[in-house]
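The values are calculated or read from the model by the stated rules, or taken from the named source; none is laboratory data. Values in this document were obtained by computation on a predicted structure and should not be read as measured data. Quick reminder, even Gly has a Cβ in these numbers, built from the backbone with ideal geometry, and neighbours come from all protein chains shown. Calculation scope for accessible area: heavy atoms of the full protein, side chains included, ligands and nucleic acids excluded. Shrake-Rupley method; radii C 1.70, N 1.55, O 1.52, S 1.80 Å.
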Amino acid sequence: MRVLITGGAGFIGSHLADAYLQRGDDVSVIDDLSTGTIENIRHLKANPRFSYTIDSVHNQPVTAELVDQSDVVVHLAAAVGVKLIVESPVRTIETNVRGTEVVLALANKKKKKVLIASTSEVYGLSADVPFREDGNLVMGATTKGRWSYACSKAIDEFLALAYWREKKLPTTIVRLFNTVGPRQTGRYGMVIPTFVRQALAGRPITVYGDGKQTRCFGYVGDVVWALIKLMDHPDSVGQVFNIGSTEEISIVALAEKVKELTDSKSEIVFMPYDEAYEEGFEDMPRRVPDISKINQLVGFKPEMKLDGILQSVINFHSGQPSSFED
Ligand code: UDP
């Protein structure tokens, strides 16, 4: 099979490319390197079944050619990371909405199966934990920039489902919960690489808010397994799936765990959200997926526990020069 991965030089995309190649498939990647990096795919360059194009999916002639040459498309190219979203809302909205429009329109010409990556952010302020795919999405006010990410991804979901219902383009949507592992950078606000870098450097570990907010961190290897299974399964079409771990931890407990695992002398400090992001910033107090739907269809069960995930991230960053992403 020939797989096109948009955003394939990113954190999840590059792991997905590894997994498809390992299975014997051909992989082509398009990435504009806005948040991805060539480092993530450097080891694949010599593989004759791998090719990459440095460009934006908004470049229609280029993307059209790549879609035509592929059997299936995994659309991961997007603006991600809460810091990036708060700092560059125009880029977030335009990248996420336009990019998906282009990919779906092109895939539709030859009816190539497309997987659209959405996010757990779409559940917004919903208190209906654990989140089920058919539950309500509760958006915050449009004056709070953070929610533009959730809304742009919700539009992507509507569009992908509309293509399936109206034009019979086979589309599958995944809502990725906090996904972590080697190659993820803390540059755009992701908490685990940030804490690990801080702990390794002996700098203060910055917990935002009171640290009581919780998250479930899924290992990128488990997530990539789920993506491939969903792409392979004919019944995933026209559906939305949560992908993530159900092991819940508060951010302050996470900070303590990182400090302990790195044997760090770093101090744990608390920083108000207003200072960390922007005035009036709203966080999600709890975020836990219900993963029964994907479990029933493809047998998904997260294998890697948080300690193992953290160790893999610590190992990765221990090998990086200290100036990297600080
Ligand atoms: N966070 C934190 N310190 C940091 C970065 C993030 O306390 O240096 C918090 C953030 O406010 C959120 C959680 O960690 O409550 C997860 O943040 P991340 O950006 O990784 O993902 P999110 O779940 O917000 O999409």
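In this structure, does MET271 turn out to be under 11 Å from ILE205 (Cβ atoms) and modelled with pLDDT of 95 or more?
Working: under 11 Å from ILE205 (Cβ atoms): yes; modelled with pLDDT of 95 or more: yes.
Spelling it out, MET271 is indeed under 11 Å from ILE205 (Cβ atoms) and modelled with pLDDT of 95 or more.
Go through segment 51-64 and count every residue that is under 15 Å from VAL114 (Cα atoms) and over 22 Å from the mean Cα position of the chain (by Cα).
Final tally of qualifying residues: 1.
Can you name every residue in segment 65-86 that is more than 18 Å from the chain's Cα centre (by Cα) and within 26 Å of THR185 (Cβ to Cβ)? Full working, then the answer.
If we filter segment 65-86 for residues that are more than 18 Å from the chain's Cα centre (by Cα), which is where we start, we get 65-72.
Of everything in segment 65-86, just one residue is more than 18 Å from the chain's Cα centre (by Cα) and within 26 Å of THR185 (Cβ to Cβ), namely LEU66.
Inside segment 39-149, counting only strands (runs of 3 or more DSSP E) that do not spill past its ends, which hold 1 or more residues that are at pLDDT 95 or above and surrounded by fewer than 16 Cβ atoms within 10 Å (Cβ to Cβ)?
Values: elements: 50-54, 72-75, 113-119.
Of the strands (runs of 3 or more DSSP E) lying wholly inside segment 39-149, those with at least 1 residues that are at pLDDT 95 or above and surrounded by fewer than 16 Cβ atoms within 10 Å (Cβ to Cβ) span 50-54.
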task: Within segment 177-203, count every residue that is at negative phi and within 10 Å of the ligand (Cβ to nearest atom).
output: 15
statement: (1) open to solvent by 50 Å² or more (accessible area, probe 1.4 Å); (2) more than 16 Å from the ligand (Cβ to nearest atom) all hold for ASP210 apart from (2)
Flag for GLN22 being open to solvent by 10 Å² or more (accessible area, probe 1.4 Å), at pLDDT 95 or above and over 20 Å from MET1 (Cβ atoms): no
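Give PRO182, PRO170 a once-over and let me know the one that is over 19 Å from the mean Cα position of the chain (by Cα), buried (at least 17 other Cβ atoms within 10 Å of the Cβ), within 23 Å of VAL74 (Cβ to Cβ) and touching a residue at least 40 places away in the same chain (Cβ under 8 Å). Give the steps one after another, and end with the answer.
On the way: PRO182 fails: over 19 Å from the mean Cα position of the chain (by Cα).
On inspection, the qualifying residue turns out to be PRO170.
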Scope segment 181-237; condition modelled with pLDDT of 95 or more, of a type in the set (Ser, Thr, Tyr) and closer than 25 Å to ILE41 by Cα; matching residues: THR194, TYR219
- prompt: So how many residues does segment 104-129 have that are within 16 Å of the ligand (Cβ to nearest atom), among the aliphatic types (A, V, I, L, M) and under 22 Å from GLN60 (Cα atoms)?
  reply: 1
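Residues are listed down the side, and each one gets a yes or a no for (1) among the hydrophobic types (A, V, I, L, M, F, W, C); (2) under 20 Å from the mean Cα position of the chain (by Cα); (3) closer than 16 Å to GLY181 by Cβ:
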position	(1), (2), (3)
THR214	no, yes, no
GLY221	no, yes, yes
GLU247	no, yes, yes
LYS265	no, no, no
ILE268	yes, no, no
PRO272	no, no, no
GLU275	no, no, no
- line: Checked segment 252-267 for anything surrounded by fewer than 18 Cβ atoms within 10 Å (Cβ to Cβ) and touching a helix residue (DSSP H, G or I) at 6+ places or on another chain (Cβ under 6 Å); matches are LEU261
